[in-house]
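Here the structure comes first, spelled out in C-alpha cells, and everything after it is commentary.
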Amino acid sequence: MEEAPVVREEKGPVSVLTMQYRPYNLLGPTLLGAIADGIATARDAGSRAIILRSGLRHFSAGADVAQFDARIEQEGRRQSAIGGVEFLKLLELLPIPIVASVHGVCLGGGFELALACDYIVAASSAKIGSVEVALGLHPLLGGIQRQVQLAGAMRAKENGPTVAHAATKRLVHIAVNEGVLAADEAMAEIQKPIWASEDLKIGLKSFRENGPGLAKFTGR
C-alpha cells in the first residue's frame, strides 16, 4: 500500500500532522494538497491546535524541482488543486494555531511553509534558509513578504540573480507599502518573468548536472 504523504493523529485537543512524503518532503501539488486536507480535517474535527512536523530525517528540503519544467512551459501557472495564495490563506486565516515543529533541513519552500505557520519551534539540528538563488529563483510561496515582516526589507532582498531580484524588489516594495496580503495577491504576476528567464533554465540545468550553487547566470 502506498504511504500517505501526511498522517493525522489526535492527541487530545491537538491534531498532529506528520509529513512523510519521501525522500525529503519536497513541496508540490501532492504534499501541499495533503497538508491542506489535513488542516481542513483537523479544523472540522474541532481540534484546538495543529502541530505540523516531519516523520522523515528532514522537515523539508524545499520545492520539487522535477515539476519546474512543466511550470516553465505554463509560464509559472500552478497546476495543483490548491494554489499558492489559497494555501497561504488557509494556514493564516485558520481560527486555531499551527505550530511548525522543525528538525533537520528546512530550506526553500520548506522554510516558506514554516513561515506560514503561527509559530516555529526549531530543534538544534534545524538548518533553515532560503536557497532559491542557486536555481535562479526567489522564494515562490510568500517567503519574500514574510521575511519582510520578520527580518526587514533589506534582509528579504538577499534573493536571486537579476531577473529574480527584480521580482523580489517589487514584492518587497508592495509588502512594505501595502502589506503582505497585497504582496501575496500580486506574487504570481510578478513572478512570471522568472519562469521565462534564461537564468532559471541555466540554474536548473546546473543543479541537475552538478548540484546546487555552481550555476553561472547571465542576468537575462
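What number, in percent, do you get for the relative contact order of region 64-149 if the mean sequence gap of Cα pairs under 8 Å and at least 6 apart is divided by its residue count? Before the final figure, lay out each step's value.
Values: 91 pairs, mean separation 22.6, N = 86.
Here the relative contact order equals 26 percent.
For the chain, give the magnitude of the charge dipole about the Cα centre (Cβ charges: +1 Lys/Arg, -1 Asp/Glu; no others), in debye to the nearest 20. The partial results should precede the final answer.
Values: 23 positive and 23 negative charges, 106 e Å.
Dipole of the chain, to the nearest 20 debye: 500 debye.
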* Which residues does a label at T41 reach in region 88-131, if reach means a backbone N under 20 Å from a point 7 Å past the Cα toward the Cβ? -> 88, 90-92, 94-101
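Cut-off is 10 Å between beta-carbons; in what order do R220, R8 appear when sorted fewest neighbours first?
Details: R220 11, R8 18.
Least crowded to most crowded, the residues run R220, R8.
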* Summed residue charge, Cβ within 14 Å of A186's Cβ, Lys/Arg positive, Asp/Glu negative -> -1
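Using alpha carbon coordinates only, what is the Rg to Rh ratio of region 168-220, with Rh defined as the Kirkwood radius?
1.13
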* To do: For the chain, find the longest principal axis of its Cα atoms and tell me its angle to the long axis of helix 29-44, 0 to 90°, nearest 10.
  => 30 degrees
* Asked: What nm distance separates the two modelled labels at L93 and K201, each placed 7 Å from Cα along Cα→Cβ?
  -> 3.9 nm
* Asked: Between E73 and E209, what length in nm is gained on full extension when 0.36 nm per residue of separation is reduced by their alpha carbon distance?
  -> 46.9 nm
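Nearest-5 percent of antiparallel DSSP beta bridges in the chain?
Details: 6 of 24 bridges.
Roughly 25 percent of the beta bridges in the chain run antiparallel, per DSSP.
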* **the chain: angle of helix 180-195 to the longest principal axis, Cα-based, in degrees nearest 10** => 50 degrees
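Relative contact order for region 1-129 using alpha-carbon pairs under 8 Å, separation at least 6, rounded to a whole percent? Could the numbers behind the result be given before it?
On the way: 247 pairs, mean separation 31.8, N = 129.
The value is 25 percent.
Output the direction-averaged projected area (hull surface divided by four) of the convex hull of the alpha-carbon atoms of region 136-211, in nm².
Values: hull surface 19.2 nm².
Average projection, Cα convex hull of region 136-211: 4.8 nm².
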* How far, in degrees from 0 to 90, does helix 162-178 lean away from the longest principal axis of the Cα atoms of the chain, to the nearest 10? -> 50 degrees
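Distance cut-off 29 Å, Cα to Cα: go down the list K11/K157; K157/K192; K11/K89 and report the pairs above it.
On the way: K11/K157 40 Å; K157/K192 18 Å; K11/K89 25 Å.
Distance filter (> 29 Å) returns K11/K157.
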* Normalising by the residue count of the chain, find the relative contact order in percent from Cα pairs under 8 Å and 6+ residues apart. => 16 percent
* Asked: So what is the diffusion coefficient of region 1-129 in µm² per second by Stokes-Einstein at 10 °C and 1.306 mPa s, using a Kirkwood Rh over Cα pairs?
  -> 107 µm²/s
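Could you tell me what fraction of 2.2 N^0.38 Å the Cα radius of gyration of the chain comes to, as a two-decimal ratio? Display every interim value, and only then the final one.
Working: Rg = 16.9 Å, N = 220, 2.2 N^0.38 = 17.1 Å.
Against the empirical 2.2 N^0.38 Å value, I get 0.99 for the chain.
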* Structure fact -> With label points set 7 Å from each Cα along the Cα-to-Cβ direction at E9 and R155, the distance between them in nm comes to 3.3 nm
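Read the figures in this text as sums done on the coordinates, not as results from a lab. Everything numeric here is computed off the predicted structure, so don't read it as measured data. Cβ atoms come from the backbone with ideal geometry, glycine included; neighbour counts cover every protein chain shown.
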